[in-house]
Amino acid sequence: MFFDKDSSTFSYVVADVSSGMAAVIDPVLDYDAAAGQVSTAGADTILAYLAANKLTLQWILETHAHADHLSAAHYLKNKTGAPVAIGEGIKKVQQTFKLVFNIGDDELLAKGDYFDKLFADNETFSIGSLKATVINTPGHTNDSVSYLIAGNLFVGDSLFMPDAGTARCDFPGGDAHVLYRSIQRIYQLPDDTQIFMCHDYQPNGRELKYQTSVLEQKTQNIHVKADTPEQEFVQKREARDKTLAVPRLIYPAVQVNIRGGQLPKAEQNGVSYIKIPLKPQR
Ligand SMILES: N[C@@H](CCC(=O)N[C@@H](CS)C(=O)NCC(=O)O)C(=O)O
Ligand SMILES: [Fe+2]
């Protein structure tokens, strides 16, 4: 487990010890927004870990196009040659943000470009001899997936620790009803399935936590227990969403992450720019 303090994000290396093959999940690219400065310090820590443990990177996996931090997927791909994979719902996310950022048709952005593999629901793949299954879990975003790997579920932002509940559903393409149904799917998994978080915002200042189980979620999740009706969850989720500010890095993050972690194409002066759409006064 690797933790990016700036965005409270967990990244993971999942390794098959017998073959030395590994996957990295949700790697973070450090970014100083005021300076427009990107840094690979966090991703380099992951590369050093892989090297120290003699692991070969077989997959770079995204649980979704993150709205709060930049992905280091493209950087890791350049360094290792491993393919970058995400759920096929990314095509919808790309379509949505292509319009928001007025990205021209010369970039085939709504067709899954920039990713080497788009996973379908229930698709399986291997990490060495480990079997992994993709479970579509949209709701927080259109492209959210969870990766089930040998009884461990990397859940992205579909669930938070039980005392934090769930992630917001108010981004473009987000939908609390859809998230509820995704969570019902997760709750069908065996009770002892271990669930690994993508974020922990440490509610009430408690210590950092990143692992729980299906049983703990079903019995303790403050937004959605096993018997919580859909309408009750949706009301809670939508009420909380109204109180949340726009994530600090949403514009840089989305522009880079719909491109698999690649910075927007450099302009004729060789410099790459982040766009921020301005809105009329409210
Ligand atoms: N303050 C953070 C908020 C990030 C945020 O909105 N995170 C999403 C997941 S990508 C979320 O669901 N947050 C739920 C919450 O803050 O309660 C930031 O500006 O980056
Ligand atoms: Fe997220």
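The values are calculated or read from the model by the stated rules, or taken from the named source; none is laboratory data. Bear in mind that the values here come from a model prediction, so they are computed numbers and not experimental data. For neighbour counting, all protein chains shown are included, and Cβ atoms are generated from backbone atoms with ideal geometry for every residue, glycine included.
Side notes on the structure shown:
- Positions within the stretch 152-164 being more than 8 Å from ligand 1 (Cβ to nearest atom) and assigned to a loop (DSSP other than H, G, I, E, B), in sequence order: VAL155, GLY156, SER158, LEU159, MET161, PRO162, ASP163
- First in the stretch 104-118 and at positive phi, second anywhere and surrounded by 15 or more Cβ atoms within 10 Å (Cβ to Cβ) and hydrophobic (A, V, I, L, M, F, W, C), Cβ under 7 Å, 6 or more apart: GLY112/ILE90; GLY112/LEU118
So that you can scan it fast, the table gives a plain yes or no per residue for (1) more than 17 Å from VAL84 (Cα to Cα); (2) surrounded by fewer than 21 Cβ atoms within 10 Å (Cβ to Cβ); (3) more than 15 Å from ligand 2 (Cβ to nearest atom):
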| position | (1), (2), (3) |
| --- | --- |
| ASP106 | yes, yes, yes |
| THR124 | no, yes, yes |
| ALA167 | yes, no, no |
| TYR180 | yes, no, yes |
| PRO190 | yes, yes, yes |
| ASN204 | yes, yes, yes |
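- The set of residues from the stretch 28-48 being in contact with a Phe, Trp or Tyr (Cβ under 8 Å, 6 or more places away or on another chain) and hydroxyl-bearing (Ser, Thr, Tyr) comprises SER39, THR40, THR45.
- For the residues ALA110, ALA132, the requirement of being at pLDDT below 95, hydrophobic (A, V, I, L, M, F, W, C) and either surrounded by 15 or more Cβ atoms within 10 Å (Cβ to Cβ) or in a loop (DSSP other than H, G, I, E, B) (or both) singles out ALA110.
- Qualifying residue in the stretch 242-254 (condition: within 16 Å of ligand 2 (Cβ to nearest atom), part of a helix (DSSP H, G or I) and surrounded by fewer than 17 Cβ atoms within 10 Å (Cβ to Cβ)): yes
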